[in-house]
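Structure first, then comments.
What follows is calculated from the coordinates using simple rules that are stated; it is not laboratory data. On a predicted model such as this, the values are computed, not experimentally measured, just so you know. Methodologically, a virtual Cβ is constructed for each residue, glycine included, from the backbone with ideal geometry; neighbour enumeration extends over all protein chains shown.
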Amino acid sequence: MASLVRACRDERWPARIAAVIANRAEAAGLEVARGLGVPVEVVPHTAHAGRDAFDAALAERLDALGADLVVLAGFMRILTEGFVRRFAGRLVNVHPSLLPAFPGLDTHARALAAGVRMHGATVHLVTPTLDHGPILAQAAVPVLDGDDAATLAARVLGVEHRIFPKAVRWLVEDRVRVSGGRAEVMGVPAAERLLWEGAR
């Protein structure tokens, strides 16, 4: 989230961050957002009878803020199909794996258990299927001998911070076109949508 806010400000995107919203008042990102001068709000999921009611309340707040784009940065709730369809094409997520590999949780431990030599992160448009949707950008990192879930997670987080702002900016600039479940980014060569962080 902080990387996105700083990129929007420092690169002078044709956009503004309307607010940072969390479902928990103690979410660390809220204090970070305040420090960056971004309005913050809390929509507590515990104040609603279930997922549908919470997602409806969240959607109402986003609409009231005039949000054109909804960016999920560390938002660890599974959104309902109704919410996803309401913001279709305007809902973007970053996931800590090279999708379609390792959707869901515990991606780093699962990558290590599978013995893959490459891991990474994916920025994608959100669809009703969990951790699925047109891919905007990916970043790959090597899995090194001696890695554990924490060291691998730290390496992946570093590249997430690089590709997520780039992909969100493409959406802000209306460069993304989706056809047949695949995303194309106008004016951006395919090679620029993949970041490879080699072994050091």
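What is the local net charge at Ala7, summed over the other residues whose Cβ is closer than 12 Å to its Cβ (Lys, Arg +1; Asp, Glu -1)? Before the final figure, lay out the partial values.
Details: positive: Arg6, Arg9, Arg12, Arg162, Lys166, Arg169; negative: Asp10, Glu11.
Taking every other residue near Ala7 into account, the sum is +4.
What are the semi-axes of the equivalent ellipsoid of the range 1-78, taken as the square roots of 5 times the eigenvalues of the Cα gyration tensor, listed largest first and rounded to whole Å?
Numbers: eigenvalues 105, 40, 19 Å².
Equivalent ellipsoid of the range 1-78: 23, 14, 10 Å, largest first.
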Problem - Range of Cα positions in the chain per principal axis (Å), largest first - result: 47, 38, 37
Exercise for the section: Choose one of Val116, Ala56, Pro142: the residue whose Cα lies farthest towards the positive end of the charge dipole of the chain (beta-carbon charges +1 Lys, Arg; -1 Asp, Glu; about the Cα centre). Expected result: Pro142
Handout entry: Antiparallel content of DSSP bridges confined to the chain, in %, to 5
Key = 60
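Nothing charged except the Cβ atoms of Lys and Arg (+1) and of Asp and Glu (-1): what's the magnitude of the dipole of the range 2-196 about its Cα centre? Round to the nearest 20 debye. Can you show the working numbers first?
Details: 22 positive and 21 negative charges, 76 e Å.
Using only the charged Cβ atoms, the result is roughly 360 debye.
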Completion exercise
With no solvent term and unit scatterers on the alpha-carbon positions of the range 32-141, Debye gives log₁₀ I(q)/I(0) at q = 0.13, 0.14, 0.16, 0.21 Å⁻¹ of -0.58, -0.66, -0.83, -1.17
Fill in the blank from the handout: The Rg/Rh figure for the range 83-200, Cα atoms and Kirkwood Rh, to two decimals is 0.98
